[in-house]
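What follows is one structure encoded as structure tokens, with my remarks underneath.
No value in this document is a laboratory result; all are computed from the given coordinates. Computed from a prediction, not measured in an experiment: that's the story for all the values here. Note that each Cβ is placed from the backbone with ideal geometry, even for glycine, and that neighbours are counted across all protein chains shown.
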Amino acid sequence: MSVPEGKRGVSQMDFLHLAYKLNKDITLLLIRDFGVKSISRDLKTFIHSAKMNYEDREIFKELCKKYCIDVEANYPLWLIEYYRDTILRILRSLCENITTANSIYPTEPDYEYWHNLRKKYQKLAQANCYQLLQSFQNIAYVLPINKEKLMPYIALIDKEMKAIKAWQRRTNQQYKKVCLRNSL
């Protein structure tokens, strides 16, 4: 018989589940280009920014009128691609660090070495969370994004950091138990 969902406790592997959820949710946000809305421009502004010569301008105006084309320009694609690549790199690194740390099981002969190695990857995963927060802060300053739409992602990153810190505490408690047992 299973425990009802409302009465379940936090999983010890919550850091891993949250990392996968974070990866999925943020990737879906990136697919939508951060939710950046298009910037409407009139035909005159578009022609000027494209630096068209006179003949091309006239042809372009006629084509736009003929086919009822509204000229719309999105935020610079190179900027969105830059932020997308940065965030995807950080997410990949976060998942790699969590997976690596989780795959290290400190064993008795070199317990301290393996413990320190696991702790190193946990710290790197925690640093990746801070990097994600910093990237989202930069995006919020640069792109015309509704900040409220980013808050669920920020909350998820914060939850991931808390889960990693709880995991670090459990790792340190295990280390203290082993050290105490070895000292006896």
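Taking the Cβ of each residue in VAL178, VAL142 as the centre, tally the other Cβ atoms inside 10 Å and list the residues starting with the fewest.
Fewest to most other Cβ atoms nearby, the residues stand as VAL142, VAL178.
Calculate the FRET efficiency for ARG170 and TYR113 from the Cβ-Cβ distance with a Förster distance of 22 Å, rounded to the nearest 0.05.
Once the sixth-power term is evaluated, E becomes 0.70.
What order do you get for 126-135, 152-161 when each peptide is scored by the mean count of other beta carbon atoms within 10 Å, highest first?
126-135, 152-161
With r as the distance between the Cβ atoms of ALA127 and ILE31 and R0 = 35 Å, compute the FRET efficiency 1/(1 + (r/R0)^6) and round to 0.05.
0.85
First measure r as the distance between the Cβ atoms of TYR105 and SER183, then evaluate 1/(1 + (r/R0)^6) with R0 = 22 Å and state the FRET efficiency to the nearest 0.05.
After rounding to 0.05, the efficiency reads 0.55.
What is the fewest-to-most order of TRP114, TRP78 by other Cβ atoms lying within 10 Å of their Cβ?
Fewest-to-most ranking of TRP114, TRP78: TRP78, TRP114.
Using mean Cβ contacts within 10 Å as the protection proxy, how do 162-175, 90-103 order, highest first?
The most tightly packed comes first, giving 90-103, 162-175.
Rank GLN134, MET161, LEU180 by how far each Cα sits towards the positive end of the charge dipole of region 89-184 (+1 on Lys, Arg Cβ; -1 on Asp, Glu Cβ) and give me just the farthest.
Value: LEU180.
Simple spin-label model, 7 Å along Cα-to-Cβ: ASP85 to TYR141 in nm?
Result: 2.1 nm between the two label points.
Dipole of region 94-139, Cα-centred, from +1 at each Lys and Arg C-beta and -1 at each Asp and Glu C-beta, to the nearest 20 debye?
180
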